[in-house]
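Have a look at the structure below before the remarks.
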Amino acid sequence: MYVLSLIHEDPPCSGVFAEAAAERGDALEEWGLAWGTPPPRPIDEYGAVMIFGGAMHVDQERHHPWLHEENLLIQRLFDQHVPVLGVCLGGQLVAKAAHGRVGPAPEAEVGWREVRLAAAAADDPLLSLYPERFPALQWHYYRFELPSGAAPLAESAACLQAFRLGELAWGLQFHAETTREDFLRWIEEFDATPGADRTGFDPDRMRTETELYIERWNEQGRELASRFLTIAARAGASRLLRV
């Protein structure tokens, strides 16, 4: 199965999700609309789409006009019943495409924050792998609200953290894909960025907690991605049977 990773930063961005795809034998390809180039193959050839994070926000279409095109693309994926998994900005884009509200969070979540599962997560194909409470890797200043008809799956003290829309689309606020190396690089690059918003930014604490949590976090991330891709493969087989 071909898997598209929609990315908004310099690649690679898929983290342990790419490892899960490789283990299954899926072909994962990273591409971004901001590049102004065609995707590696026609969109219709992808059996699943994963959408990742970025420094921009969903309401910045004036500065990033391709965000409008990405919104239309996600809605097209919904219409065609292509499984979609959005992470951080990607989750916010999934919510927006489903006409959910997205805007500034009441507080920034940067680093490791506790997340609690909602009742609907108990039988969710993806989120049921997590314990009732768990430390989650976060880096966001915006949040999504629950789209109409979606099921809430997890929350933190600050905001909704995960939802499922129908049977084939999920939005996550936390970074289930991120590796130790990537997160430590984020910390170093952010620490060196002049004028960056350092609300909630505690690099020493973040590095210490990363060593405590990252191994289990990456195991869970690989399992989550594997579950999603398994669902996508089954959905693709069902589409072929209907044709």
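Every read-out reported here was derived from the displayed coordinates using simple, explicitly stated rules and does not represent laboratory data. Just so it is clear, the model here is predicted, and its values are computed rather than measured. Here the Cβ positions follow ideal geometry from the backbone for every residue, glycine too, while neighbour counts run over all protein chains shown.
Centre-to-centre separation between the Cα atoms of region 12-40 and those of region 180-243: 14 Å. Extension gain for Ala119 to Thr37 (0.36 nm times residue separation, less C-alpha to C-alpha distance): 25.3 nm. Counted by neighbouring Cβ atoms within 10 Å, the residues His99, His64, His140 run from fewest to most as His99, His64, His140.
FRET efficiency for the Glu215 to Glu61 pair, using the beta carbon distance and R₀ = 22 Å, is estimated at 0.05. In the calculated pair-distance distribution of region 154-243, the portion above 19 angstrom amounts to 58 percent of the Cα-Cα pairs.
By the beta-carbon count within 10 Å of each Cβ, the least crowded to most crowded order of Thr193, Thr179, Thr230, fewest first, is Thr193, Thr230, Thr179.
Think of it as helices only: each DSSP H run of n ≥ 4 in the chain is worth -39500 (n - 2.57), and spread over all residues that comes to -11500 deg cm²/dmol at 222 nm.
With contacts defined as alpha carbon pairs under 8 Å and 6 or more residues apart, what's the relative contact order of region 2-242 in percent? So the answer I get is 21 percent.
What is the percent of Cα-Cα separations in region 7-63 that go past 12 Å? Every Cα pair in region 7-63 considered, those over 12 Å come to 71 percent.
Give the angle, between 0 and 90 degrees and rounded to the nearest 10, that separates the Cα long axis of helix 15-24 from the longest principal axis of the Cα atoms of the chain. Roughly 30 degrees, rounded to the nearest 10.
Report, in debye and to the nearest 20, how large the dipole of region 106-151 comes out about its Cα centre when Lys and Arg carry +1 and Asp and Glu carry -1 on their Cβ.
Once rounded to the nearest 20, the dipole reads 80 debye.
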